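Encoded as structure tokens, the structure appears first; notes follow it.
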Amino acid sequence: MHIGLLTGGGDCPGLNAVIRAVTLALANECRARVTGIERGFWGLLHGRARPLEPATVHGILAEGGTILGTHNRCDPFHDTDGADRSAQALAFARDELRLDGLVAIGGDGTMQIAERFHRLGLPVVGVPKTIDNDLPRNDRSFGFDSAVAVVAEALDRLATTARSHGRVMIAETMGRYAGWIALEGGLAGGADAILIPERPFDVAALARWCREREGTVGHTLICIAEGARAHGQGLTVQARIADSPDPIRLGGVGAWLQQQLQPALTSEVRTTLLGHVQRGGTPTPFDRVLATRFGYHAAQLVRGGRWGRMVVLAGAECDSVPLDEVAGLSRPVPATDGRLQAALGLGVWMGDAPGA
Ligand code: F6P
């Protein structure tokens, strides 16, 4: 058996742990040959691949990023000039590499492309990857725990300045259109306010609340997700990348909030945009284990010929769901989420009720 493996979308702590687990499990349990496709679907389109052997993946478990490289702009079905070059990519996979199947590790965009190749006859198993933790029917993505650890540490550090200077300190997290990183990171870092896309907020009410705190606790720590917005406001977009499947790059809502709050307050308001530090570096032990379990489970699906499925974590156990049921979908924080309820119950300021 000859299996291709690629990593698509943004980099993420734990990708190398999945690459290692798939390679080792397939070599160990069924002597399958594994070939790594370089830079995601870009490599499939441009004929770039190299063998992955147990020796190749030695020592990469704790390494951040992906040894195969990745790409978050390349879609063979819609190339940079708009042309559909999926046949070219398919020919490389089938005729040149003679792959029996492909393991695609990536987020919603990667799963969408992978599912289309599966329908065209290239058997695919998907492994969900995203620090955003927003893939449907998957209780936890690897990379999320590592991102949350960075946010929690940043909030701990920002709290020092908030307390010492009597300031309002704002930390802006990643997470795209879902609030998981801000919610869990904010809880872990003891944020006084957590603002997420699922709960639009009233900026005047937030300013009043911060002003009241100037006379009581004396400082405020705010954790805001990049996709959060005030009532009547659109998303804060940092850049638009024309040739990207998802052209919108979020960022800057923390700075926007600072501008709104400052005139209403006596204390200084300062913002830190955490950015890509949340995505870089070594995965936490939790993410190393989750990524290893996902990779092993993907290898089991391949061995069992259970193609067209994506690995998920359901409760505490690995399982899989049909790719066509999840491709292109996302998973916002539901109002019933236990972390959200706990934050509200503890008096964390989270704006109005969802959709209000
Ligand atoms: O999906 C992961 C993610 O890190 C998002 O949280 C963020 O909005 C986006 O990717 C940033 O992408 P890029 O690295 O292309 O700017």
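Numbers at a glance
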| read-out | value |
| --- | --- |
| Residues being without any contact (Cβ under 8 Å) to a residue 60 or more places away in the chain and part of a helix (DSSP H, G or I) - total across the stretch 206-224 | 7 |
| Residue count for the stretch 1-57, restricted to those that are within 16 Å of the ligand (Cβ to nearest atom) and assigned to a strand (DSSP E or B) | 1 |
| Failed item in (1) touching a helix residue (DSSP H, G or I) at 6+ places or on another chain (Cβ under 8 Å); (2) part of a helix (DSSP H, G or I), with residue 104 passing the rest | (2) |
| Check on residue 301, within 29 Å of residue 152 (Cβ to Cβ) and either modelled with pLDDT of 95 or more or not small (Gly, Ala, Ser) (or both) | no |
| Filter result for the condition that a residue is in contact (Cβ under 8 Å) with a residue 24 or more places away in the chain and within 30 Å of residue 315 (Cα to Cα), over 79, 108, 100 | 108 |
| Complete set of residues in the stretch 257-267 that are small (Gly, Ala, Ser) and part of a helix (DSSP H, G or I) | 264 |
| In the stretch 312-343, the residues that are in contact with an Asp or Glu (Cβ under 7 Å, 6 or more places away or on another chain), of a type in the set (Val, Ile, Thr) and part of a loop (DSSP other than H, G, I, E, B) | 333 |
| Residue within the stretch 258-278 that is within 16 Å of the ligand (Cβ to nearest atom) and either among the charged types (D, E, K, R) or surrounded by 21 or more Cβ atoms within 10 Å (Cβ to Cβ) (or both) present | yes |
| Yes/no for residue 115 being acidic (Asp, Glu), under 30 Å from residue 276 (Cβ atoms), touching a residue at least 40 places away in the same chain (Cβ under 8 Å) and away from the ligand (no atom under 16 Å from the Cβ) | yes |
| Of all residues in the stretch 149-196 being more than 20 Å from residue 135 (Cα to Cα) and of a type in the set (S, T, N, Q), the one that is farthest from the ligand (Cβ to nearest atom) | 164 |
| Subset of the stretch 83-98 [more than 29 Å from residue 279 (Cβ to Cβ) and outside any helix (DSSP H, G or I)] | 83, 84, 97, 98 |
| Options 284, 220, 236; residue that is closer than 30 Å to residue 20 by Cα and either surrounded by 19 or more Cβ atoms within 10 Å (Cβ to Cβ) or outside the structural domain of residue 151 (by TED's automatic domain parsing) (or both) | 284 |
| Candidates 227, 186, 254, filtered to the one that is crowded, with 18+ Cβ neighbours inside 10 Å, in a loop (DSSP other than H, G, I, E, B) and within 22 Å of the chain's Cα centre (by Cα) | 227 |
| Among the residues listed as 145, 139, the single one being more than 16 Å from the ligand (Cβ to nearest atom) and modelled with pLDDT of 95 or more | 139 |
| Filtered residues of the stretch 118-127 (kept if in a helix (DSSP H, G or I) and either aliphatic (A, V, I, L, M) or crowded, with 22+ Cβ neighbours inside 10 Å (or both)) | 118 |
| Contacts under 7 angstrom Cβ, first residue in the stretch 257-281 being farther than 21 Å from residue 215 by Cα, partner surrounded by fewer than 19 Cβ atoms within 10 Å (Cβ to Cβ) and among the aromatic types (Phe, Trp, Tyr), 6 or more apart | none |
| Selection count where residues are more than 11 Å from the ligand (Cβ to nearest atom) and touching a Gly at 6+ places or on another chain (Cβ under 7 Å), scope the stretch 231-244 | 1 |
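The values are calculated or read from the model by the stated rules, or taken from the named source; none is laboratory data. Here the structure is a predicted model, which means the values were calculated and not measured. So basically every Cβ, Gly included, is an ideal-geometry build from the backbone, and we count neighbours across all protein chains shown.
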